[in-house]
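These notes concern the structure reproduced below.
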Amino acid sequence: MNIPTRVSYSRPQNHQGWRAEIFLKYGVKRDKTRLLERQQLGPLMVQKTFFPEGNTCHTYLLHPPGGVVGGDQLSVSVALESGAHALLTTPGATKFYRSNGELAWQSQHLSAADGSFLEWLPMENIFFPGANCQLLTEVKLTGNARFIGWEMQCFGRPALGEDFIRGQLKGQARIFRDDKLLLVENLRLQDQLQLQQNASLNGYPMIGSLYISPADNILAAKINAVIDTQQIRFGDDVLLGATELEGLLVVRALGRQTEPMMASYVQVWSIVREHWLGVIPDVPRIWHT
């Protein structure tokens, strides 16, 4: 992946497409995490929240148009108060379609207060040939807040034999704890030739990053054991590796299809949940539909 020296991730001033924004605030009320505040503009929304695990608030983030085109602007903000535990996911992949020349822009701002637990587990992004996209994910953690989140990017539709033969993608992820920057990752991709030649992608059409914080040596050892098991299970259909940075554990992946990468990340997520809470999590039902 090429790292651009200076890239602006601010909202474009001119656009022709949908503008959608949503803000979700979670807190504890009557001994259970609840969605306390919701503000939305345009086609980004949530329906009712779910409690399949007792006090954990599960939420499905919906984008009814079903895809993002050039000129669309999407902004998601999630905030957890102290003691809250929320899991957010999406009902399906987010599709970024061929652009007419306009830029498709998406930002995600996630914050978790001291004593809270945020799980950000969306389905993958799929970038169609000709897409022109700019993505930003920013995570701000306070005190001993717990966070696990992943991002999976698919260039083209490999299951249909469709390659990312043209298009442009710029992305950045930033993670902070107590205003200290723990990690910044940049992605810049312009066409199929770069996808094939880029050593970081090694010819794979999918990449993934799974972030876990805080992570200790015991948890890191458990996750490395899961990685070894998944590599035996899937072979070179998915390549996995873990890196620890000041208490932040990053599990990176290269994949040929969504299913092996998703299955591997779900196994890591389950181990993290068991390590932190002592119980195996209930997988969101929407992942099986």
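The values are calculated or read from the model by the stated rules, or taken from the named source; none is laboratory data. Every value quoted in this text rests on a predicted model; they were computed, and no experiment measured them. Counting neighbours? That spans all protein chains shown, and the Cβs are built from the backbone with ideal geometry, glycine included.
Remark: pairs (first residue in region 206-221, over 9 Å from Leu249 (Cα atoms); second residue at pLDDT below 95 and basic (Lys, Arg); Cβ separation under 8 Å; 6+ apart in sequence or on different chains) = Met206/Arg256.
Scanning region 88-98 for any residue that is of a type in the set (Lys, Arg), more than 22 Å from Ser209 (Cα to Cα) and either out of contact with any strand residue (DSSP E or B) (no Cβ under 9 Å at 6 or more places or on another chain) or not in a loop (DSSP other than H, G, I, E, B) (or both) turns up nothing. The residues on offer are Pro64, Pro43, and the sole one that is without any contact (Cβ under 8 Å) to a residue 40 or more places away in the chain, loosely packed, with under 14 Cβ neighbours inside 10 Å and within 20 Å of the chain's Cα centre (by Cα) is Pro64. Tell me, which residue of region 136-159 that is at pLDDT 95 or above and of a type in the set (A, V, I, L, M) is farthest from Ser270 (Cα to Cα)? Per the criteria, the residue is Leu136. Contact map, region 272-283: residues that are within 14 Å of Ala215 (Cα to Cα) paired with residues that are charged (D, E, K, R), Cβ distance under 9 Å, separation 6+ or inter-chain. Pairs shown: Val272/Arg146; Val272/Lys222; Arg273/Glu119; Glu274/Lys222; His275/Asp216; His275/Lys222; Trp276/Arg146.
Scanning region 99-143 for residues that are buried (at least 21 other Cβ atoms within 10 Å of the Cβ), in a strand (DSSP E or B), touching a residue at least 40 places away in the same chain (Cβ under 8 Å) and polar (S, T, N, Q) yields a count of 2. Figure legend. Inter-residue proximity from region 224-244: first residues free of Cβ contacts under 8 Å to residues at least 40 places away in the same chain and farther than 12 Å from Gln267 by Cα, second residues among the charged types (D, E, K, R) and surrounded by 17 or more Cβ atoms within 10 Å (Cβ to Cβ), beta-carbon distance below 9 Å, spacing 6+ or different chains. Indicated pairs: Asp236/Arg256; Asp237/Arg256; Val238/Arg256.
Considering every residue within region 191-205, establish whether at least one is part of a strand (DSSP E or B) and small (Gly, Ala, Ser). No, the conditions are met nowhere in region 191-205. Could you please let me know if Leu169 is buried (at least 20 other Cβ atoms within 10 Å of the Cβ), touching a residue at least 40 places away in the same chain (Cβ under 8 Å) and in contact with a Ser or Thr (Cβ under 7 Å, 6 or more places away or on another chain)? No: the conditions fail for Leu169. In region 14-55, the qualifying residues are those that are in contact with a Cys (Cβ under 8 Å, 6 or more places away or on another chain) and charged (D, E, K, R), and the one that is modelled with the lowest pLDDT is Lys32.
Filtering region 259-286 to residues that are in a helix (DSSP H, G or I) and surrounded by fewer than 19 Cβ atoms within 10 Å (Cβ to Cβ) leaves Glu259, Ala263, Val266, Gln267, Ser270, Ile271, Glu274, His275, Trp276, Leu277, Arg285, Ile286.
The combined condition, being in a helix (DSSP H, G or I) and either within 19 Å of the chain's Cα centre (by Cα) or within 15 Å of Cys154 (Cα to Cα) (or both), is not fulfilled by Ala220. Selection of region 11-40 for residues being surrounded by 13 or more Cβ atoms within 10 Å (Cβ to Cβ), touching a Gly at 6+ places or on another chain (Cβ under 7 Å), under 18 Å from Leu103 (Cβ atoms) and not acidic (Asp, Glu) yields His15, Gly17, Trp18, Arg19, Ala20.
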